Every structure is written in C-alpha cells, then in structure tokens.
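The values are calculated or read from the model by the stated rules, or taken from the named source; none is laboratory data. Not measured: the values here are computed from a predicted model. Every residue, glycine as well, gets a Cβ built from its backbone with ideal geometry; the counts of neighbours run over all protein chains shown. Only protein heavy atoms, including side chains, enter the accessible area calculation; ligands, DNA and RNA are left aside. Shrake-Rupley method; radii C 1.70, N 1.55, O 1.52, S 1.80 Å.
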Amino acid sequence: FLPPPLTGDSRMLLQAQEEIIEMKDVFSVKLKRRRFAGQKKGGTLLGITIFKCLNKEENKLTDCAIHLNNLSEDHCHSWFRHLKEILNGFQNRPKSLKVFVNPSSHKREATHVYYEQVAPLFKLADIKTDVTVTEYEGHALSVLKECELQAFDGVVCVGGDGSVSEVAHGLLLKAQIDAGKDTDYIPTPVRALVPLGVIPAGTTNILAHTLYGIKHAVTAALHIVMGHIQPVDVCTFSTPSRLLRFGFSAMFGFGARTLALAEKHRWMPSNQRKDFAFIKTLADLKPEECELSFLPLQIPQEDSHENDRITLLYLGSKDQWHKIQGHFLNVSIMAIPCLCSMAPRGLAPNTRLNNGSMALIVVQNTSRTEFIKHLKRYASVKNQFNFPFVETYTVQEVKVQPRLKSGLDAKENTYLNAASAEGNYPWNIDGDLMKEASEVHVRVHPQLINLYGVNTDDLESFQATCSCI
C-alpha cells in the first residue's frame, strides 16, 4: 500500500504528469523543509525531493532533483520510508567506502575534485567515507595491507593511472594475504574482496576512459553511487622467483623508457615533462634486444575472425609456446583496451575488459619516420597495426627476457651488464614505473577484480560507443 501521491510544484506539474521515474535511476530521497536563515534542524515540512541519475550525451552522467510537494507530514514520512526501503534493496550500491586521494596527481587537482564534485554526491547518497590523503608513493599500498576491508563495501581512488595502479595492486595483494597465499609466487590468485572505484584526476586516465568512455569525475562518482559493477581481467607480473605486481597493462621499450625519463624530471610540470620525455626518447630511438615467449589463447577455429593484420593463433595442443627473438622498439601487453583521449580506439582495441585474454603488440625495429607514422595512427580511426613491422597476437601468457646487445665493444658490454644487474630495464605498468633485470612473466587472470563502471554485457557495443568520442 502506498500513501496518496505527492504532486510536483506548479513549475513541474506538466512534466510530472508525463514522466515516469524508475527507481533504478534514483539514488537518494530527502525530506524537503523550509528553514529560516541559520536554522539547521526542524522547519516546515513541504514534501520530498528525489535525486535521480541522468544519462547525457557522450557517456556522461549527471544528477537532477525532482521536488514533490505535500503538506501532510504523515504522507511525506510514509513516502520517504517506502522509497528508502526500495533504495536499500539495491545490493551493489555501497554504503561505506574507503577513499584514497593523491594530492600530487596531474595539476594537484585531485583534492579539489574529490571535495567539490565527488564527496557531495557520496553524502547525498548517504555513503559513509573514510578518506586517506596520500603523502608519498606507496602510502595507499601500506594502508591497504593493514586495512580491515570487511568494514567497507568498496575502495575508491582519486588520482591518475599510477595512483589507480597502486590501489588496485594493494587491493589484490591484500586479498592474497587474507587468503593465506604465499605472495612471493601466486599462480592462481584469489579475487579482490571489494570493488574498486576510479575517479579520474590525472593526465591520461586510461582506466577511467576505458570504464566510462570519458574523463568526468561526476560520471565516475555516479557509477559508484549507483553500484554499477564491471568484472575486469587483471595480469600478474612475476620473475621466476617472485611476484612483482598486479596490473592491467604494460609496455617495454619505447613506452617504458619515455616514462622512466619523465620520472627523472619530476620537477617539471606534468604535461611539460611528458612531452619532453616523449620527444627526447623519440630522438634517441633505440630498439631493445630481447626474447619473447608467448602462449596463444586457445579458441576454437570456428570462433576466429581475421581483422586486417591482427594475428590470432588457434592451436590444437595446449601449452604450445611460441618464441620471437629480435630487436623491438616497443612491446605492449594489455588485458584491457586502454582508451584515452590520445587513442580514442584504444591502445589495444582488439581486446576487451573481461574476455580472459591479453593483446601482445610487438613493434619491430624500423626507421624513426615509420615508427612516428605508427604512433600517429593511435590518434586517428585508422588501423595502427597495419604496418609490416607491427605484429599482434591474442595470448594468455607472455615471457619477456631482455638480452645484452651484440656487436658492442667490451667497455659498453660491461656497462650494460652492470646496468642490467641493477635492474635497469624499465617497465611501464599502468603508468607506473617498474625496473627489473631478469625475465618478466605476464599472466592474465579472468575477472579478478570488480570495478565500478559501465554495467553492460554488450561490451562490444560499449567499446564502439567509446571509439566515437
């Protein structure tokens, strides 16, 4: 039984008669009161206000308020209680969140983004928050290791790709610790205990773009508030003896050396140092000599589809490894499409968020001119892999073994030996710098973590929408 209906005010009467409000789009309901200046409690009850999530153009979400008037306090309270019961019935919607804010991200805007745009929405939705403003690299990881995650429905990171990578790694590492796993070697990791929310406040915000199709803090916050859950594949990066970290994507070669150079110039503004590092690394373009071993994804032949120069291998026998040796300008290993404003189709447009595979993209040694042509394709709708020096594979596992360059004089070879012993081969893991000298083994683990994001089974349709941004 519902109490008599409330009516919209005169300005919204016509709209209220025509509009149907679905409760799945509502995230908050409040009693509406008239209060005098300075009055914080009590006041004349005028009705209720319903807060609704609206879908706008270009994947953007926003909130709107619908005011319903009724002078009967009994009716207002009855409607309020009934609507609150319905809202409390949505299981995925968080009621308590652990929040990490990186104040150093991008233009140091993360704190402002959170407290001005995100926190008010969490408060409106009656979500309790415990906020940690990180003070140093690794701060979020150390907090997560000791955190009692059972007290929270989810974890939120406000920052750039490096911050998100650290929090995701911490969440998954905490899950292994709680499960009693040996964190030195984890062939079959357990899933993260709670979902991760990503509020973009960095430069590229690849994970946010991939989840939402847009860099928009309010959109990200509303996906969290509404409890939209998206299972996502995660990779483990390991040496033969230990786990290095969890992550979604990695680059070895040009992409990693660019990041390493940018990290050495932290004193420069974010965009300036990244542009400098990109141009400098391109000017000093050199290939890495290494051996790649990969295990192709096992897919029935009838399910295969050729796509331009995309190389998909379908093998009848399991555990049949392939090897490639040579000089490579860049090697990308990605379990997600990695959309961003600079690559609207994605860095790896032929993979998906949760299809249990990785894209292995190998750029062999070529001229600087041809390499630049390949890079420019990422910003267009053209196929960036349609070059004779680019090969792509759909894989389950990859091993990358750097090799000392042949044909060097004794002095230079001695230097490289010392460099590799110090772990001087950089890796770009989700925008975070990692250095490792030995072989790195990358495995994909299907749907290892839930992220707050687009809640749809039609991922291909979603990716097509994102590609049009």
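Numbers for the structure displayed
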{"item": "Accessible area of H228 in the full protein assembly, 1.4 Å probe (Å², nearest 10)", "result": "50 Å²"}
{"item": "Dipole in debye (nearest 20) - the range 141-290, about Cα centre, beta carbon charges: Lys, Arg +1; Asp, Glu -1", "result": "380 debye"}
{"item": "Heavy-atom accessible area per residue - the range 88-174, 1.4 Å, Å²", "result": "45 Å²"}
{"item": "Where I20, I336 fall by accessible area, highest first, once all protein chains stay in place (1.4 Å)", "result": "I20, I336"}
{"item": "Label-point gap, in nm, between I324 and I279 - each point 7 angstrom along Cα→Cβ", "result": "3.1 nm"}
{"item": "Exposure rank, largest accessible area first [H77, H327; 1.4 Å]", "result": "H327, H77"}
{"item": "Set of lysines with alpha-carbon distance to K95 below 17 Å, sequence-local pairs under 8 removed", "result": "K24, K30, K84, K123, K128"}
{"item": "Shape call, the range 163-254: gyration tensor on alpha carbons, a/c limit 1.5", "result": "oblate"}
{"item": "Residue order for R81, R368 - accessible surface, 1.4 angstrom probe, largest first", "result": "R81, R368"}
